[in-house]
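The values are calculated or read from the model by the stated rules, or taken from the named source; none is laboratory data. Given the structure is predicted, the values throughout are model-derived calculations rather than measurements. FYI the Cβ positions are ideal-geometry reconstructions off the backbone, even for glycines, and counts take in every protein chain you see.
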Amino acid sequence: MTRGGRPKDRTEPERRCIATGESGPKAPMLRFVIGPSGEVAPDLAEKLPGRGMWLTATREAAERAVKRRAFARAARAPVTAPADLPDLLERLLAQRLVEAVALARKAGLAVTGFEKVKARLRQGPVGALLEARDGSDQGRAKLRPLARGAPIMDSLDSGELGLAFGRDFVIHAALDAGGATDRVLREARRLSGFRPGGGPTGPDDRGPAPPDGGSAGIDIRTP
């Protein structure tokens, strides 16, 4: 059982949030390491060596971790966290999501433009429907019924989506299923904790878990 009383899913690696004490799948969480200067550094790609500390991907958890010095307690050392950590995480997660969408585009999984997206949705199931946060409700109302239960992501604004497609702005896009799209959905779910209402909707809100085992709490990673 987790601290909140949920049955554990042994098929997914779990970590414990240093701010809330709750354990859960690592896919929607954020990893941190201690930098050379003694300040915690986000390791959102989960590749940096050193002692890893995990945080639930929400603005509230980040604010609590800074206010209560949760990183210092978890590390058992006088480490510090930047006061603007929640805003920093939002910027970094948005950047990672833009990069993930760009990779899906380069993999040939994406189409953009209202008419092209509508045509693609009518052809059959897609991996995800992407909508700009600042897009019109009218356009959403026409496309969403065609998504047929596919995850719908509106975590990015039109300018950020445009960056992913090498354009000034993009309002609508659709992604075919694939590994690159799985990464888009994971990054969108993590960003949604810092941008309310922006996470992908769909039958599985947990996202794919990275294929490695491990224990909850703190991990040790070597180069």
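Quick notes on this structure:
- Within the option set Val117, Val101, Val126, being part of a loop (DSSP other than H, G, I, E, B), under 17 Å from Pro200 (Cβ atoms) and assigned by TED's automatic domain parsing to the domain that holds Arg186 holds for one residue only, Val126.
- Being touching a residue at least 12 places away in the same chain (Cβ under 8 Å) and either within 30 Å of Gly38 (Cβ to Cβ) or assigned by TED's automatic domain parsing to the domain that holds Lys67 (or both) is a property that holds for Ala94.
- Being among the small types (Gly, Ala, Ser), crowded, with 24+ Cβ neighbours inside 10 Å and at pLDDT 95 or above holds for only one residue in Ala177, Ala188, and it is Ala188.
Residue by residue, here is whether (1) in contact (Cβ under 8 Å) with a residue 40 or more places away in the chain; (2) surrounded by 22 or more Cβ atoms within 10 Å (Cβ to Cβ); (3) not hydrophobic (A, V, I, L, M, F, W, C) holds:
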| position | (1), (2), (3) |
| --- | --- |
| Arg105 | yes, no, yes |
| Ala110 | yes, yes, no |
| Arg122 | no, no, yes |
| Ala128 | yes, yes, no |
| Gly135 | no, no, yes |
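- The number of residues in region 191-223 being modelled with pLDDT of 70 or more and touching a strand residue (DSSP E or B) at 6+ places or on another chain (Cβ under 8 Å) comes to 2.
- Looking only at residues of region 71-85 that are touching a Ser or Thr at 6+ places or on another chain (Cβ under 9 Å) and part of a helix (DSSP H, G or I), we find that the one that is surrounded by the fewest Cβ atoms within 10 Å (Cβ to Cβ) is Ala72.
- Given (1) surrounded by 15 or more Cβ atoms within 10 Å (Cβ to Cβ); (2) basic (Lys, Arg); (3) over 15 Å from Glu187 (Cα atoms), number of the condition Lys116 does not satisfy: (1)
- Filtered residues of region 26-42 (kept if more than 13 Å from the chain's Cα centre (by Cα) and surrounded by fewer than 22 Cβ atoms within 10 Å (Cβ to Cβ)): Val33, Ile34, Gly35, Pro36, Ser37, Gly38, Glu39, Ala41, Pro42
- Any pair with Cβ under 6 angstrom, 6 or more apart, that starts in region 13-28 at a residue that is in the same structural domain as Ala57 (by TED's automatic domain parsing) and ends at one that is outside any strand (DSSP E or B) and polar (S, T, N, Q): Ser23/Thr2
- Meets criteria (exposed (fewer than 13 other Cβ atoms within 10 Å of the Cβ), touching a Pro at 6+ places or on another chain (Cβ under 8 Å) and farther than 17 Å from Ala188 by Cα) for Pro49: yes
- Test: Ala147 is more than 26 Å from Thr58 (Cα to Cα) and free of Cβ contacts under 8 Å to residues at least 24 places away in the same chain: no
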